[in-house]
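This report concerns only the one structure given below.
The values are calculated or read from the model by the stated rules, or taken from the named source; none is laboratory data. Predicted, not measured: the structure shown is a model, and the values here were computed from it. Neighbour counts are summed over all protein chains in view; Cβ atoms, including those assigned to glycine, are modelled from backbone coordinates with ideal geometry. The area values use the complete protein model at the heavy-atom level, side chains included, leaving out ligands, DNA and RNA. Shrake-Rupley method; radii C 1.70, N 1.55, O 1.52, S 1.80 Å.
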Amino acid sequence: MLRMEIALILVIAFIAYVYFGAERKHTLLHRIFSVLLVALLVHLAFDGITIYTVNHLDTVPALLNGIVHRIFIGSMVFIVYLFYKYIAVLVEEETGKARSLDLAAKIFLVLAEAGVFLLEIEYIRTPEGNYSAGSYCVVCYASVIFYLMLCAGLLLFNWKQIHPKKRFVIGIAVTIEGIVCVLQGMHPTWLISGMGLTLMTLAFYLTLENPGILRAELTEQKMSMLYLKSQVNPHFLYNTLDAIRIQAQLDGDKKVADLIMKLVDFFRSSVKVNEPMITLDEEMEMIMAYLELMCYRYPKLHVSYDMDETLFEYPVPNFILQPIVENSLLHGLKNKGYQGEIHISAHKTMTGIEVCVKDSGSGFDEGKKARIEEMLLHYDRETKLEGNSIGVVNVQKRIKLLCGKEYGLHYTENADGGLTAHLLLGEGS
């Protein structure tokens, strides 16, 4: 058993090293998880010490045995409280509801810690090994049950408002600790409490707190800031164009006023950079304004839409379609004198939505399809990009970042000529 505790310490120590060394936002959730990692390392260290001392009752002083056992159990109570705290904050962020159970959780923590350090300890000797018992152990089991019930209650009462991924993680973590607690109660000599806490920590680390996710969040922030800087001049242009439109309307030039209005609509949408995700309806409003301007510029260009209106409120990455539509124009229809069709459609899939941009252009040049597919497959590689490749790879990166790695962009060639860009989008990870 001691070897297992050493292995668990090494695992958590490695996770702590990676976690604390990663660039991350200092949110309340991350601060709680940081304290949790430190507390778990202390707990596992004392878990290993107690495994040795409880099995050497004849040689280890009773006072020392009692001290290490009380620190061991006291740290366990504190850790399960931290798990409750982490889940409570997570649920609060998801639902917007205040944490109404915090006071009861803190009061119970104080009473439980007092019980751990004041109540009597007994030691049971068995052929399979020794273990501690007594009233102070009852406090430990009561604490685990109490905090697991609080966590389960938060999950069940807010089920529909919590993201499916986070629901799954909370459910798995609570179930793991519940099973380990039952097994430990049925077989006291197994001494597997540390394994349960470690598995719970791993569940949250691998899915919600790993550095890859933290780096993704920071990358998205940096992208948004760069995007915001690039929009300073367009924002000024948008305001100026609106003033020109009003003057054209006052002068009776309706056609010019309408065209400027479409350009204003496009810029109004394009400068919304404060949120990485917007609704499909907002994204389409910008694309339709853009394409109406292109149709005026190229009279032989025809555009059609087939949109499922029930998807208009679906969240999609901001400014995700414009680079794809622009590629259809500049690299598909340009060789045909901008004479042809662009058809945009959206429909529901099993895991999200699929938005398709179909053109009747000239299609891929020889060897271009393989290069595009390679770039989309290895979108995260640092390679020199040029031309339309930059827009395509950036679209792929943003979809993977904001929706998840199972989503993304790919192209197919149409039987009657031209290409179709398929954007598979989800609600985010």
GluC sites (Glu not before Pro) within region 346-379: DSSP coil, no more than 16 neighbouring Cβ in 10 Å: GLU366
Filtered GluC sites (Glu not before Pro), region 1-103: DSSP coil and at most 11 other beta carbons within 10 Å: GLU23
About the Cα centre, charge dipole magnitude for the chain (Lys/Arg +1, Asp/Glu -1 at Cβ), debye: 600 debye
Summed side-chain charge close to LYS160 - residues other than LYS160 whose Cβ falls under 15 Å, Lys, Arg +1, Asp, Glu -1: +2
DSSP beta bridge pairing in region 272-422, given as percent antiparallel to the nearest 5: 70 percent
Mean accessible surface per residue for the chain, computed with a 1.4 Å probe while every protein chain stays in place, in Å²: 51 Å²
Debye intensity ratio I(q)/I(0), log10, region 127-184, q values 0.18 Å⁻¹ (C-alpha model): -0.69
The chain shape via C-alpha gyration tensor axes, a/c threshold 1.5: prolate
Tensor-based shape of region 1-80 (alpha-carbon gyration tensor, a/c under 1.5 rounded, otherwise prolate or oblate): prolate
Percent accessible area from carbon and sulfur atoms, the chain, protein chains only, probe 1.4 Å: 63 percent
Cα-based reach from LYS300 at 20 Å (exclusive), listing aspartates and glutamates while leaving out same-chain residues under 8 positions away: ASP258, GLU292, GLU326, GLU341, ASP359, ASP416
